[in-house]
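Asker: Before I ask anything, let me first share the structure, which is written out below as structure tokens.
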Amino acid sequence: MLKMVIIEDERLEREGLVDYFDWSSFGIEIVGTASDGIEGIELAEKERPDIIITDIKMPGMSGIEMCKEIRKFLPNTKIIILSGHDDFNYAKEAILFKTNAYVLKPIVDEEMLNAIQRVVKECTFEQEKINEQIHTREKLKKEYGRAKQKLFNDLLEGVLDKKELRERMLYYGVKYSEKNKFVVVYISFKDNRLESPEQFQLEFLKNLEKYAIFSEYRTKKEMCTILKFESEYYDTQIDNVINYLIELCNKDTFNAITAIGSRVDNLYDIDKSYKCADEALTYAEFWGLSGVIRYKDVVEKNKVSNEDIGKFIIQGNKFSKLLVHDVSSGDCEKVDEDLEQMFDYIAANRKMSVDYIKNYLQNVIYEISLLKYNLNRKSEDAIEVPSDSDSVLQLKSLQLIKKYVHEVFNNVLAILEDKRKNKDENVIKNIVNLIENRYMEDINLKVVAAEMFFSPNYLGTIFKKFTGKSFNDYLTECRMDKAKELLTKTNKKVSRVAKEVGMSNTSYFCIVFKHTYGMTPKEYQEMSLR
């Protein structure tokens, strides 16, 4: 809505103007009225109207004088002057003053309507023009920002030749000397404590304005800055920067890793410093470090010999074989124990590069994932050959990798346990069917175990686990059920019944039957045949 004020010394005319039109239909809102020029100026300062309707002739200060004052702080406000027929001199002054519209009193509807429509059109046109200018500025600003971001990325990736580098740096007003030394500082924020990344960047650059020539966020949580130093004062200046960074890292509100790359002697080689800073950052993230990490310190700590690599490979292979054996055996406790030992061994070998350790752990996961694949490939839900191992390379810290490795191993152990459970259930079903069909034979646990190629102890254990009864108890119950059925439906001799249910010793049969049913086989038969 366009804001409008009405300034008229005659109360009735002022009130009449307020109700003259349905102002909202023009997109106008009346935000105030005044009865003289002084009040009019105060009202205009307060409301900053887009349109002013004012009488030309008022006591104390004329409408023209008032509008001249208002024009000083509202140069684009549209002014409609109301004037009587005898106000010729005022009218002449109004024309010279370049008012936007001039309406004679008494007001004619059509003239007022034309005046209002004209100033509304002018306001709308100017607002559209302003919006277009704002849009153009924003667009140019974004394009400038993107181009500058590309320059920064090209610098860090080392894809610019020296001539192009000089031209583009000159275009963006980045000042540096061929004699300067350069270093990349790479900050990675660990959490979301930083409320305003942009504000932090401004303060950071303000504190390092003497050194910083370029700074951009690589991601929402990673900021990269190129610093320049004077050759003869490099040691002093880099120490000043490091002290500032250490002070920054010690703040409670700052939870980040600050990696410092190697020094390079010209801006053309800044990609080398960036790669070193990135390597230092990767090292710190992997081992869970924080604070200021210098690449040169990481390199010195990570000096590794061929002998060290050989020892790591040998021990690593031992862990791999041991873990595959543990998983195949289904020994969950042993798997956890060996995994802890493996990660303790890795933690004790920080000299090994992060990439080497990740590749080793990727191979461990691959072997276990391959085992999972082999467990599933014959089933309906067979999976594709392992992709679990690829995830290791994406995880930044050893702690996250350790958690992931445990999850993969537990998943494989669960699948293996499920497979074993299903297999054991099938074995028990086969044994139960065998007993149901061959109870009349002279069978026992050893005979059945031999036929099914299992040890008697294993078979006896899983049988009791699934049925709650020992093999012999289950076989005896089956025989007693069959004996009871024969004694109920036939008048066969007890000795004959005993033999038909697989118990050749009649006396023993009778003892077991009485123990089971509380009466002898003969008594049970006589009772059933009455």
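The values are calculated or read from the model by the stated rules, or taken from the named source; none is laboratory data. These numbers were taken from a predicted model, which means no experiment stands behind them. Positions of Cβ are generated from backbone atoms using ideal geometry, with glycine treated the same way; all protein chains shown enter the neighbour counts.
Asker: Going by what's in this entry, would PHE214 be described as in contact (Cβ under 8 Å) with a residue 24 or more places away in the chain and either closer than 25 Å to ILE260 by Cβ or of a type in the set (Gly, Ala, Ser) (or both)? If you could, list the steps in order and put the result at the bottom.
Answerer: Details: in contact (Cβ under 8 Å) with a residue 24 or more places away in the chain: yes; either closer than 25 Å to ILE260 by Cβ or of a type in the set (Gly, Ala, Ser) (or both): yes.
Spelling it out, PHE214 is indeed in contact (Cβ under 8 Å) with a residue 24 or more places away in the chain and either closer than 25 Å to ILE260 by Cβ or of a type in the set (Gly, Ala, Ser) (or both).
Asker: Also, quick follow-up: Could you check how many residues of region 471-530 are loosely packed, with under 15 Cβ neighbours inside 10 Å, hydrophobic (A, V, I, L, M, F, W, C) and either at pLDDT below 90 or not in a helix (DSSP H, G or I) (or both)?
Answerer: So the answer is 3.
Asker: Given the conditions (1) in contact with a strand residue (DSSP E or B) (Cβ under 9 Å, 6 or more places away or on another chain); (2) at pLDDT 85 or above; (3) surrounded by fewer than 13 Cβ atoms within 10 Å (Cβ to Cβ), which single one is not true for MET4?
Answerer: Tallying (1) in contact with a strand residue (DSSP E or B) (Cβ under 9 Å, 6 or more places away or on another chain); (2) at pLDDT 85 or above; (3) surrounded by fewer than 13 Cβ atoms within 10 Å (Cβ to Cβ), MET4 fails exactly one: (3).
Asker: Let me ask another. When you go through (1) without any contact (Cβ under 8 Å) to a residue 24 or more places away in the chain; (2) in contact with a helix residue (DSSP H, G or I) (Cβ under 8 Å, 6 or more places away or on another chain); (3) exposed (fewer than 14 other Cβ atoms within 10 Å of the Cβ) one by one for MET452, which number turns out not to apply?
Answerer: (1)
Asker: Only one of these conditions is not met by LYS150: (1) crowded, with 18+ Cβ neighbours inside 10 Å; (2) not assigned by TED's automatic domain parsing to the domain that holds ILE293. Which number is it?
Answerer: Of (1) crowded, with 18+ Cβ neighbours inside 10 Å; (2) not assigned by TED's automatic domain parsing to the domain that holds ILE293, only one is false for LYS150: (1).
Asker: Restricting attention to region 1-19, and to residues there that are charged (D, E, K, R) and within 59 Å of the chain's Cα centre (by Cα), which single residue is nearest to VAL31 (Cα to Cα)? I'd like the intermediate steps shown before the answer.
Answerer: Of all residues in region 1-19, those charged (D, E, K, R) come to 3, 8-11, 13-15, 19.
Then drop every residue that is not within 59 Å of the chain's Cα centre (by Cα), which leaves 3, 19.
Details: LYS3: 6, ASP19: 13 Å.
Filtering first and then ranking leaves LYS3.
Asker: Before we move on, is ASP278 closer than 23 Å to GLU407 by Cα and either of a type in the set (D, E, K, R) or in the same structural domain as LYS179 (by TED's automatic domain parsing) (or both)?
Answerer: Working: closer than 23 Å to GLU407 by Cα: no; either of a type in the set (D, E, K, R) or in the same structural domain as LYS179 (by TED's automatic domain parsing) (or both): yes.
Taking the combined requirement at face value, the residue does not satisfy it.
Asker: Turning to a different aspect of this structure: For region 25-64, name all the residues that are within 20 Å of MET1 (Cβ to Cβ) and part of a loop (DSSP other than H, G, I, E, B).
Answerer: Across region 25-64, the qualifying residues are GLY27, ARG48, PRO49, ASP50.
Asker: Of all residues in region 144-164, how many are under 20 Å from ARG218 (Cβ atoms) and in a helix (DSSP H, G or I)?
Answerer: Here is the first cut: in region 144-164, the ones under 20 Å from ARG218 (Cβ atoms) are 144-160.
With in a helix (DSSP H, G or I) added as a condition, the list becomes 144-157.
Looking only at that region, the number is 14.
Asker: Return the residue satisfying two criteria in turn: it lies in region 12-65 and is acidic (Asp, Glu) and within 22 Å of GLU126 (Cβ to Cβ), and of such residues it is surrounded by the most Cβ atoms within 10 Å (Cβ to Cβ). Spell out the reasoning first.
Answerer: In the first step, residues of region 12-65 are kept if they are acidic (Asp, Glu); the result is 13, 15, 19, 22, 29, 36, 39, 42, 45, 47, 50, 55, 65.
Next, from what is left, pick out any that are within 22 Å of GLU126 (Cβ to Cβ): 29, 45, 47, 50.
Details: GLU29: 13, GLU45: 12, GLU47: 16, ASP50: 25.
In this case the residue turns out to be ASP50.
Asker: What pairs come out if I take residues in region 485-512 that are at positive phi and pair them with residues that are crowded, with 19+ Cβ neighbours inside 10 Å whose C-beta lies under 7 Å away, six or more apart or interchain?
Answerer: GLY502/TYR439; GLY502/ARG479
Asker: Check off (1) under 29 Å from LEU248 (Cα atoms); (2) assigned by TED's automatic domain parsing to the domain that holds ILE246 for ARG168 and give me the number that stays unchecked.
Answerer: With respect to (1) under 29 Å from LEU248 (Cα atoms); (2) assigned by TED's automatic domain parsing to the domain that holds ILE246, ARG168 is out only on (1).
Asker: Looking only at helices (runs of 4 or more DSSP H) that fall completely inside region 254-369, which ones have 1 or more residues that are touching a Cys at 6+ places or on another chain (Cβ under 6 Å)? Can you show your working first?
Answerer: Working: elements: 270-287, 295-301, 306-329, 332-347.
Qualifying helices (runs of 4 or more DSSP H): 295-301.
Asker: Would you confirm, using the coordinates I've provided, whether LEU227 is of a type in the set (A, V, I, L, M, F, W, C) and assigned to a strand (DSSP E or B)? Give the derivation first.
Answerer: Details: of a type in the set (A, V, I, L, M, F, W, C): yes; assigned to a strand (DSSP E or B): yes.
Considered against the rule, which asks whether it is of a type in the set (A, V, I, L, M, F, W, C) and assigned to a strand (DSSP E or B), LEU227 comes out as yes.
Asker: From the list MET223, MET169, exactly one residue is farther than 13 Å from LEU267 by Cα and either surrounded by 15 or more Cβ atoms within 10 Å (Cβ to Cβ) or polar (S, T, N, Q) (or both). Which is it? Don't jump to the end; show me each part of the working.
Answerer: Values: MET169 fails: farther than 13 Å from LEU267 by Cα.
Sole residue among the options that is farther than 13 Å from LEU267 by Cα and either surrounded by 15 or more Cβ atoms within 10 Å (Cβ to Cβ) or polar (S, T, N, Q) (or both): MET223.
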